[in-house]
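First the structure, in the form of structure tokens, and then the observations on it.
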Amino acid sequence: MPAFHPRLEALPSEIAVFPLSGALLLPDGKLPLNIFEPRYVAMVEDSLANGRMFGMVQPDPAAGGCGNGPCLYEVGCLGRLSSFSETEDGRFLVTLSGLIRFKVAEELAMRRGYRMVRPDYAGFEADLAQGAKLPPVDRPALMGALRPYFRARGIEANWDAVEQTADAMLVTTLSMVCPFEVPEKQALLEAPDACSRAAMLIALMRMGAAGCASTEGRPS
């Protein structure tokens, strides 16, 4: 079990959120971030002083603007600052470890330039379960989709490390790092469980590899 494992009742009732398109955080995933905008430097400073937690949520490209900036997707993921360092030019290099998904129940007044929300964790309690036995992921199908997708995208991988990674963590990591579109990333975030996410991931990688192949085959 990780050194930090919060109970549901101990989670914050108000959280800062970092709206960033294409940046997906999932429970048990680790997201490196380079924080340089003054408002988000302030957000990290405040988080370090108060539980080390904030949420990642993508702006919704189809929803336009809201009072505090771009409208946000309804579902995000709360993370904890598990490592951080400060650079000489005032940036923070941090790693955010995913804890639990949430729905944005209400957007609150901004604080020091960054956005605040009231999260609703209902329905995502299973994200906090440690050591839960997950149904088996279709590993051959996953690997069969991954290799041509990486080849089509020109992505190099340490295949020995990939083969040794547990199913759930492999699905989490691939969902976070693969260069999918914003709505596709959001769909992966909102998948109900690891098996559903794996099935969606396989479908997205197959479509992505096929799309690259069809583009390469077009006459110039």
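None of the figures in this text is laboratory data; all of them are computed from the coordinates on show. Quick caveat, the model's predicted, so the values are computed rather than measured. Here the Cβ positions follow ideal geometry from the backbone for every residue, glycine too, while neighbour counts run over all protein chains shown.
Of note:
- Charge tally around Leu99: other residues with Cβ under 10 Å, Lys/Arg +1 each, Asp/Glu -1 each, net 0.
- The chain: calculated mean residue ellipticity at 222 nm from DSSP helix runs of at least 4, using -39500 (n - 2.57): -10500 deg cm²/dmol
- Relative contact order for the chain: 22 percent, from Cα pairs under 8 Å spaced at least 6 residues apart, divided by residue count.
- Glu181-Glu88 FRET efficiency (beta carbon distance; Förster radius 45 Å; 0.05 resolution): 0.80
- Formal net charge of residues neighbouring Asn50 (Cβ-Cβ distance under 15 Å; K, R +1; D, E -1): +1
- Gain on full extension, evaluated as 0.36 nm per residue between Met143 and Ala161 minus their Cα-Cα distance, stands at 5.2 nm.
- Highest-fluctuation residue, Ala168, Ala49, Ala194 considered, GNM on the chain with Cα pairs under 10 Å: Ala49
- Ordering Val171, Tyr73, Leu25 by Cα displacement along the dipole of the chain toward the positive end leaves Val171 in first place; charges were set at the Cβ atoms of Lys, Arg (+1) and Asp, Glu (-1).
- Look at the dipole of the chain built from charges on Cβ: of Ala187, Met110, Met43, the Cα furthest out on the positive end belongs to Ala187.
- Net charge in the neighbourhood of Val171 (other residues with Cβ under 11 Å of its Cβ; Lys, Arg +1, Asp, Glu -1) is -2.
- Projecting the Cα atoms of Ala126, Ser97, Ser85 onto the charge dipole of the range 43-135 (Cβ charges, centred on the Cα centre) puts Ala126 farthest toward the positive pole.
- Taking amide hydrogens as placed 1.01 Å from N in the peptide plane, the amide H of Gly79 sits under 5 Å from those of Phe54, Gly55, Met56, Leu99, each at least 5 positions away in sequence or on another chain.
- Highest mean first, the peptides 147-159, 28-40 sorted by other C-beta atoms within 10 Å per residue fall in the order 28-40, 147-159.
- The label point for Asp28 and the one for Met169, both projected 7 Å from the Cα toward the Cβ, are 0.9 nm apart.
- Going by neighbour counts of Cβ atoms within 10 Å, the residues Arg139, Arg80 line up, fewest first, as Arg139, Arg80.
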